[in-house]
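Inspection log for the structure reproduced underneath, given as structure tokens.
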Amino acid sequence: MTQRVEHDPSREEDTIVALLESTTGDLSGPEVVRVFDEALDRLVTLWAYHRRDGGQWSPGFVERVRELVRSDANRHGFQAYVGQCEAFALRSMGDGFQRSCYLRSHIQVLVEEFVPFADLMHAADSGALDAIDELYVEDAHGIPPIPPDQLPTWVPASHWWWRASTRVDMSRQEIDEKLHDYSLSDLYSENEELPGDLSR
């Protein structure tokens, strides 16, 4: 999480609501996704502060967030967010694991505290979260582990994916090679055509 919470949490709540409200305007699809990303990042950051300090949401805030997140635009933003999480999870044995875990934890906070996952996804994609979790389990032996002292302090023990890696004996050299050594062909299936010259 990168957003800084203001000294007055209610001001940060106002910012989150304003961001979620703004997606119902004339924003383009990519802009909706960007705004939703920022709103969710701020929401989880504030949730983490409350969790640490015993703070609580202002009256009416949770209900307003629930209402706004269910809008068509914000549902689109959420679905794109889940897609990002899956894309990074597919790269868990390389450089995608930690980023995927951040996104996965943000999703979990939203669906536990505000709106059930099924309410925000198309019926055909209702199993997307389970599919992401299965990737962590399937790739567990190849995922570079995150040292316990580098786990974010705000992550609850129930967010098991941060500790999905079973390779506690992986050497620093092997970890570095996994994190920094991959090619385009690693990201595409055998049947997909690789993109052309990306330098243009």
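Quick one: net charge of Arg75's neighbours, Cβ under 13 Å, K/R +1, D/E -1? Residues near Arg75 contribute -2 overall.
Kindly provide the GluC sites (Glu not before Pro) of the range 1-85 that DSSP labels as loop, not H, G, I, E or B, and whose Cβ sees at most 16 other Cβ atoms within 10 Å.
Qualifying residues, ordered by number: Glu6.
Per residue, the range 1-111 exposes 47 Å² of accessible surface when a 1.4 Å probe is rolled over the protein heavy atoms with every protein chain present. The residues neighbouring Ile132, those whose beta-carbon lies less than 13 Å from its own, together hold a net charge of -4 under the Lys/Arg +1, Asp/Glu -1 convention. Computed from backbone phi with θ = phi - 60° and the Karplus coefficients 6.51, -1.76 and 1.60, the 3J(HN,Hα) list for the range 146-154 is 9, x, x, 6, 9, 6, x, 5, 7 Hz; x is used for glycine and proline.
Net charge of the neighbourhood of Trp47, taken over other residues with C-beta under 12 Å away and scored Lys/Arg +1, Asp/Glu -1, is -3.
The values are calculated or read from the model by the stated rules, or taken from the named source; none is laboratory data. Predicted, not measured: the structure shown is a model, and the values here were computed from it. Cβ: placed from backbone, ideal geometry, glycine included. Neighbour counts: every protein chain shown. Surface accessibility is based on the protein's heavy atoms, side chains included, excluding ligands, DNA and RNA. Shrake-Rupley method; radii C 1.70, N 1.55, O 1.52, S 1.80 Å.
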